[in-house]
Structures are given as C-alpha cells and as structure tokens.
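Shown next, in structure tokens, is the structure this report addresses.
The values are calculated or read from the model by the stated rules, or taken from the named source; none is laboratory data. Fair warning: this is a prediction, and the values are worked out from it, not measured in the lab. Glycine gets a Cβ as well: all are built from the backbone with ideal geometry, and neighbour counts include every protein chain shown. Please note that ligands, DNA and RNA were not included when accessible areas were found on the heavy atoms of the full protein model with its side chains. Shrake-Rupley method; radii C 1.70, N 1.55, O 1.52, S 1.80 Å.
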Amino acid sequence: MRQKIAAGNWKMNLTLPEARQLTQEIKHHKIPKDVNVILGCPSPFLYMMNSLVEKTDRLNIAAQNCNNNDSGAYTGEVSHSMLSSVGVNYVIIGHSERREYFNESNKLLKEKINTLIANGFKIIFCCGEPLKIRKAKTQSNYVLNQLQQSLFHLTSDEMKQIIIAYEPIWAIGTGLTASPAQAQQMHSFIRKQLNSKYGKATSEATSILYGGSVKPGNAKELFSMKDVDGGLVGGASLKPEMFKNIINAF
Ligand code: PEP
C-alpha cells in the first residue's frame with residue numbers, strides 16, 4: 001500500500017510564534033491512521049518545529065532546500081548534516097520556485113538528490129510544467145525529462161527514499177487547479193514511467209503527490225484519483241483549519 005501524504009510548504013512565510021502555533025494545531029489534530037503529514041518549514045524554525053513534533057506519530061518536518069555539498073564556503077546555505085543534527089530527515093527538492101528564482105537546473109537537483117540519498121534523507125522531488133508547455137501539449141515529455149535528468153539514475157532501492165510531487169507551475173499560487181482528470185493523467189503517466197524504468201514493485205510503492213492550489217474544496221476529489229496519493233500544499237497549509245480539512249480529505 002502506498003503512503004498517503006499531506007505535505008505543507010510554508011515557503012517564506014510566518015514568524016516563529018506563528019509557526020509554533022500552526023504546528024501545535026496540527027499536532028493536536030487527529031491525523032487519520034494511514035496518512036503521513038509533513039510540514040515544510042523555513043530553515044530557522046526547523047529545530048524548534050522538529051522538537052515540537054518528534055514524539056507525534058505520522059507528523060514530520062521537512063526542510064525546503066539543502067545544498068549539494070557536504071560543507072564549506074557557501075554563505076547562506078544549509079547542509080545535510082545541519083539538517084540531520086536538528087533531527088530533520090525530509091527535504092523538498094526541485095520546487096518550481098527554486099528552479100525559477102534560484103536557477104536550479106535538473107543537473108544541480110540530481111547532485112542534491114545524490115547527497116541526500118547518500119545521507120539517508122527522504123526527498124519530496126517536485127516536477128511540473130509551465131503554462132507555455134501545457135498549451136503546447138508537451139507536458140508529458142517535459143516532466144519525463146525532469147525525471148530522467150534528476151531522478152532516474154537512482155537504483156530501485158534508493159527510489160524508496162523518493163516521494164514525487166507533480167506540480168504544474170500554472171496552478172501554483174494562482175487559484176487555478178489541474179482538474180482531477182488532468183492530475184490523474186499526469187500521475188498515471190509518471191507511474192508508467194516508473195514501471196518501465198524500475199518495474200511494478202517500485203512504481204506501485206512510490207507516492208505521487210499533486211500540488212497546485214489544493215484547497216479543502218478540491219482535495220477530496222483530487223485525492224480520490226487512483227494515482228494521486230496526496231498533496232503538496234502551499235497557501236492552504238498556512239491556515240490550520242484549511243490544512244486540517246485537507247488532511248481529513250483522504
Ligand atoms: C506549492 O507551494 O508547492 C504549492 C502548490 O502552492 P499552492 O498550494 O499555494 O498553489
């Protein structure tokens with residue numbers, strides 16, 4: 001059985017007291033037995049948020065980024081050993097905002113993934129096409145290329161550390177959501193690619209999340225799609241009531 005996941009991505013939002021309040025609310029929410037909740041926190045909050053949740057079942061903290069190097073003169077960056085030392089073992093990699101604003105290429109993402117895999121992290125790997133590509137109807141090739149260039153060098157054993165998040169860029173923070181059918185179509189395509197590269201066991205075991213304006217009002221329908229195993233949620237993960245409703249939508 002694939003893991004169902006509700007992951008929040010707080011991006012560059014919240015102050016420490018706000019982050020603590022939000023995490024406490026999620027911690028006290030009854031998380032359904034088969035759902036794993038992951039909160040993607042800004043770096044300064046990771047230690048405290050992880051301390052808050054470390055004894056809570058099915059609630060984990062993720063970093064939103066990690067440098068590909070082990071350590072050194074990379075001012076402002078965060079290393080895998082820093083994350084491990086504060087108890088964090090999930091990292092979001094390849095979010096479209098990192099790709100676009102910080103020029104993170106498929107090649108760099110591959111290096112980050114290698115560093116994190118070697119150090120035992122679980123990775124939420126984001127992929128997804130911009131509007132221009134969707135309009136040209138070449139989104140499948142675009143996403144396949146992202147997978148091939150950053151992910152498909154891994155062994156099937158290493159793939160156990162990977163969660164894929166399909167996030168069409170035109171649906172992120174825009175209020176536009178891929179329809180459940182559009183999401184299912186891409187998720188099924190990704191699963192087929194996993195199947196041809198790694199075989200049935202890996203393709204059936206890999207969770208594929210949908211991201212792009214997930215809200216309480218659309219989560220149920222999206223999560224009911226056969227190949228949609230949950231969501232990576234931006235805006236709505238900042239509002240405790242909304243995020244709790246999304247957690248309950250499975
Ligand atoms: C995201 O940040 O990954 C995201 C999907 O944002 P939103 O839910 O706000 O569209």
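Computed quantities for the displayed model
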{"item": "Count of residues meeting criterion [away from the ligand (no atom under 16 Å from the Cβ) and either open to solvent by less than 40 Å² (accessible area, probe 1.4 Å) or in a strand (DSSP E or B) (or both)] in the range 162-183", "result": "1"}
{"item": "Test: residue in the range 203-212 that is surrounded by fewer than 20 Cβ atoms within 10 Å (Cβ to Cβ), assigned to a helix (DSSP H, G or I) and modelled with pLDDT of 95 or more", "result": "yes"}
{"item": "Of all residues in the range 6-16 being more than 13 Å from the ligand (Cβ to nearest atom) and under 21 Å from Gly87 (Cβ atoms), the one that is surrounded by the most Cβ atoms within 10 Å (Cβ to Cβ)", "result": "Leu14"}
{"item": "Given (1) of a type in the set (Gly, Ala, Ser); (2) open to solvent by 70 Å² or more (accessible area, probe 1.4 Å); (3) not in a helix (DSSP H, G or I), index of the condition Ser196 fails", "result": "(3)"}
{"item": "Test: residue in the range 215-223 that is among the charged types (D, E, K, R), farther than 24 Å from Lys33 by Cβ, more than 15 Å from the ligand (Cβ to nearest atom) and part of a helix (DSSP H, G or I)", "result": "no"}
{"item": "Residue under evaluation Pro44, criteria (1) farther than 21 Å from Val233 by Cα; (2) open to solvent by 50 Å² or more (accessible area, probe 1.4 Å), criterion not met", "result": "(1)"}
